[in-house]
Amino acid sequence: MTAIAVLTSGGDAPGMNAAIRAITKVAASHDVPTWGVEQGFDGLIDGVFRPLSRRNKMGDPAPVHEVESEGGQGGTILGSSRSPRFFDRTARVEAARQLEEYSITGVVGIGGNGSIAGLHALQSETEVPIAAIPASIDNDIGLTREALGVDSALNTIVEACDNISDTARSHHRAFIVEVMGRQSGYLAMAAAVATAADAVLMPERPHNRDEVVDSVVDCIKTSFGAARDKTRVLIIKAEGVGVPTHEIVEEAQKRCDAEGTHVEIRGTVLGHVVRGGDASFRDRLLAGRFGRVAVETVLAGRGDVMTGWNIGIDLGEPTTDDWIRLFDIPDVLEETEALLDGTSPVSIDRVARMEAIQGVLAL
Ligand code: F6P
């Protein structure tokens, strides 16, 4: 008898529910029932499991209605947590015991880099194969082109920036819009390209407080100046930049006033608005493809791996899906560190590409 358990962990991301739906359906197509673990690693430690599939009239496993009906929604129907308890080995041993208790023969964990590290730690305590699906709006997970949630979050940011640009143009204003991303500036960079923002402030290009304010003031003066003659200035700031947005706004406004540059500067922090909302088409598609490969992987007895969206044809192991490769989790964690400290060729390339494109779009 085989059974799969699925959990979502860390910050929720649009596409998690689509992945849960895909996992449950693919497992059912192999005649395998799926259990949902509530509240991430906390639910695993406490044994809070609920069935995500039921036997239909033919006696075959089929997803429960909630899995079908909420597959496109943001958030996660299973709930999530950042579990400090899971750092303790005793808790992980207990989690492994719960897997035995429920006769689980494969686990799929959906989450960000902290969660993937947690799944790797759990794999040391159990023979049950564990596969990870990358999900985080921050796009800060190594060895995948994108994680689940990134595309949906960017669509939300682009819509918000377009709305802000409408009102900004009407008043000839400058806006600094802060987006989430933790230590990663990816959302800010990608959104800046898509909205033709005038500048991006991101942790990958670290600046002290004075330099940040200087660059904002310069950007505003140049953009509203005779050569560019813009009707709005849009600066996208990643949350990982150490200076709070309202302080940048206040200081830049003071500087402009003192220099006699007539401009009104406003700040908007998009915050958790960006993390919620229905999953985009691409996140749903990616969730389906990740989900299928993750189930096939654990059913084949393979664990301690992550599904990644093809980042280069020679990297990772091929799967039944030509978009999706499998990566050993230790390799993912190593590449994630390099991505975050800016030494990965992927981060270097991202910044260079963004600067080249954005430099033109901002003109
Ligand atoms: O990792 C996702 C994320 O939304 C980050 O962008 C942000 O820094 C963090 O989570 C916010 O966490 P919380 O929801 O716990 O405030």
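The values are calculated or read from the model by the stated rules, or taken from the named source; none is laboratory data. Bear in mind that the values here come from a model prediction, so they are computed numbers and not experimental data. Every residue, glycine among them, receives a Cβ derived from its backbone with ideal geometry; neighbour counts consider all protein chains shown. What goes into the accessible areas is simple: the full protein's heavy atoms, side chains included, and nothing from ligands, DNA or RNA. Shrake-Rupley method; radii C 1.70, N 1.55, O 1.52, S 1.80 Å.
How high is the relative contact order of segment 305-355? Use alpha-carbon pairs under 8 Å, at least six apart in sequence, and give a whole percent.
27 percent.
Kindly rank 15-21, 156-162, 51-57 from highest to lowest mean number of other beta carbons found within 10 Å of each residue.
15-21, 156-162, 51-57
Nearest 20 debye, what's the magnitude of the dipole of the chain about its Cα centre given +1 on Lys and Arg Cβ and -1 on Asp and Glu Cβ?
780
So, with +1 on the Cβ of K and R and -1 on the Cβ of D and E, and no other charges, what is the size of the charge dipole of segment 24-112 about its Cα centre, to the nearest 20 debye?
Roughly 80 debye for segment 24-112.
Determine the relative contact order of the chain: mean sequence separation of Cα pairs under 8 Å and six or more apart, normalised by residue count, in whole percent.
Normalised by residue count, the contact order of the chain is 22 percent.
Listed highest first by mean packing, meaning other Cβ atoms within 10 Å per residue, what order do 303-314, 64-75 come in?
Packing proxy ranking, top to bottom: 303-314, 64-75.
Calculate the spin-label point distance for residue 285 paired with residue 172, positioning each point 7 Å from the Cα along the beta-carbon direction, and give it in nanometres.
A separation of 4.4 nm, rounded to one decimal place.
Which loop-located trypsin sites (Lys or Arg not before Pro) does segment 199-266 contain, where loop means any DSSP state but H, G, I, E or B and the Cβ has at most 15 other Cβ atoms within 10 Å?
Within segment 199-266, the qualifying trypsin sites (Lys or Arg not before Pro) (loop, at most 15 other Cβ atoms within 10 Å) are 228.
I want the local charge near residue 198. Using Cβ-Cβ distances under 10 Å, sum +1 for each Lys or Arg and -1 for each Asp or Glu among the other residues.
+3
Percent of accessible area on segment 39-158 owned by carbon and sulfur, 1.4 Å probe?
Carbon plus sulfur share of accessible area: 50 percent.
At a 1.4 Å probe radius, which order do 171, 272, 262, 120 fall into by accessible area, largest first?
Greatest to least solvent exposure: 262, 272, 171, 120.
With each pseudo-label sitting 7 Å past Cα toward Cβ, what's the residue 356-residue 259 distance in nm, one decimal?
3.1
Quick one: angle between helix 281-299 and the longest Cα principal axis of the chain, in degrees between 0 and 90, rounded to 10, please.
30
Can you give the angle from 0 to 90° between the axis of helix 89-101 and the longest principal axis of the chain, with both taken from C-alpha atoms, to the nearest 10?
50
Ignoring ligands, DNA and RNA, what percent of the 1.4 Å accessible area of segment 218-279 is carbon and sulfur?
50
In cubic angstrom, how much convex hull volume per residue do the alpha carbon atoms of the chain span?
127
First measure r as the distance between the Cβ atoms of residue 90 and residue 162, then evaluate 1/(1 + (r/R0)^6) with R0 = 41 Å and state the FRET efficiency to the nearest 0.05.
Computed FRET efficiency for residue 90 and residue 162: 0.25.
For segment 171-283, build the charge dipole from Cβ charges (+1 Lys, Arg; -1 Asp, Glu) around the Cα centre, then report which of 212, 231, 200 sits farthest towards its positive end.
Selected residue: 231.
HN-Hα J couplings of segment 50-60 from phi, Karplus 6.51/-1.76/1.60, θ = phi - 60°, integer Hz, Gly and Pro as x?
9, x, 9, 10, 10, 7, 7, 4, 7, x, 9
Using the Cα gyration tensor of segment 253-350, with a ≥ b ≥ c the square roots of its eigenvalues, what is the shape: rounded (a/c below 1.5), prolate (a/b larger than b/c) or oblate (neither)?
prolate
Over segment 136-273, what relative contact order in percent results from Cα pairs under 8 Å that are six or more residues apart?
Relative contact order, segment 136-273: 32 percent.
Any idea how far the Cα center of segment 188-257 sits from the one of segment 27-80, in Å?
45
Among bridges DSSP assigns within the chain, what percent are antiparallel (round to 5)?
Roughly 30 percent of the beta bridges in the chain run antiparallel, per DSSP.
Treating the angle as unsigned and between 0 and 90°, give the value, to the nearest 10°, between the Cα long axis of helix 245-258 and the longest Cα principal axis of the chain.
It works out to around 10 degrees.
Where Lys and Arg each count +1 and Asp and Glu each count -1, what net charge lies around residue 30 among other residues with Cβ under 13 Å from its Cβ?
-1
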